[in-house]
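For reference, the structure discussed in these notes is given below.
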Amino acid sequence: RVHAEGHSDEAPAAGAARLAATEQDLPTHPAFATMLRKQARMRREYMQKRAADAKEASTADRKRKLRTAVDEGRTVPTELRGEADALLAEMELNGAPGPSSSTPDLDSEYASAGVADPRILLTTSHDPSSRLVQFLKEMKLVFPNTSRMNRGGHTVKQIVETCRADGFTDLVVLQEHRGVPDGLVVSHMPHGPTAYFGLANVTMRHDIEGATNMSEAYPHLVIDNLTSKVGARVATILKHLFPVPKPDSKRVVSLVNRADLLSFRHHVYAKEKADVHLYEAPASRRECAEIASRVAEEP
């Protein structure tokens, strides 16, 4: 059994006390205003970069359309006739844009991924059932470097502020309906993105007959059929929840998309001479219902 290098669980009472102390003491702390100004500045710089990337992508797309029309001897599109001369002059100076410049770097929040391992704060909705608590424990083993926190009466805004202050890279919230896990929210810190996944057919480790102990080694990822623009966005959000594995890791996590249903499978394999045996761990099907471009900050 291989153990990942992670952060130990926070005791529920200690975690609740620390959050309460944060909420009570921070407004009067001299560094609180500085922290708020820093967050506002980071958010402003991030939104300005997003706007600049979107403008650059739009310009590159217009140049590509104009270059295609000129090369094929077709009429210049109506929407480009007013700026055709200016675009042609700019292309003469800079050259025609390549395919890689047409897409803005919307996932620039993951630009530093791989430099340091992700840190995840895992929690549930209010008043979780015993099965959701069990699912919480299972998901802590699925995602390496995860700290588990009891939700208690804390709001989403309080938890997000705690994640930002303590250097967590992602917040994962598990939801349920009548004792059945049915939702998973992933929010990347500090500015998003946020994705909501509906869960169906959740199978936990104890529901599988003869299931083996779950390895905590960093897993290899197998991502299949997430090739569309939204699919690539979803793949980026999910794959950055896992650190880079060692080459000899025998743990595999697969995310397979079929008809917009994302099947999650978790295996450990073992080699015995010429044979390879797979041992399955918990699984589920996830349906990506919504992707937001910001972290939810309201209760």
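The values are calculated or read from the model by the stated rules, or taken from the named source; none is laboratory data. Keep in mind it's a predicted model, so treat the numbers as computed, not measured. Positions of Cβ are generated from backbone atoms using ideal geometry, with glycine treated the same way; all protein chains shown enter the neighbour counts. Protein only, heavy atoms only, side chains kept; ligands, DNA and RNA dropped before computing areas. Shrake-Rupley method; radii C 1.70, N 1.55, O 1.52, S 1.80 Å.
Quick notes on this one:
- Residue check for E176: of a type in the set (D, E) and assigned to a loop (DSSP other than H, G, I, E, B): no
- Residues that are open to solvent by 90 Å² or more (accessible area, probe 1.4 Å) and in a helix (DSSP H, G or I) within segment 66-92 comprise D71, E72, T78, E79, R81, D85, E92, listed in sequence order.
- Residue count for segment 163-185 under the criterion of being within 23 Å of E45 (Cα to Cα) and within 16 Å of the chain's Cα centre (by Cα): the result is 7.
- The C-beta contact set for segment 116-139 (first residue closer than 12 Å to P181 by Cα, second residue among the basic types (K, R) and assigned to a loop (DSSP other than H, G, I, E, B), distance under 6 angstrom, 6+ apart or interchain) comprises T124/R151.
- Condition check for T203: open to solvent by less than 20 Å² (accessible area, probe 1.4 Å) and on the phi < 0 side of the Ramachandran plot: no
- The sole residue among K246, K229 that is surrounded by fewer than 16 Cβ atoms within 10 Å (Cβ to Cβ), free of Cβ contacts under 8 Å to residues at least 40 places away in the same chain and under 30 Å from M42 (Cα atoms) is K229.
So that you can scan it fast, the table gives a plain yes or no per residue for (1) within 30 Å of K38 (Cα to Cα); (2) outside any loop (DSSP other than H, G, I, E, B):
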{"site": "G183", "(1), (2)": "no, yes"}
{"site": "S187", "(1), (2)": "yes, yes"}
{"site": "Y196", "(1), (2)": "yes, yes"}
{"site": "E209", "(1), (2)": "no, no"}
{"site": "A232", "(1), (2)": "no, yes"}
{"site": "I237", "(1), (2)": "yes, yes"}
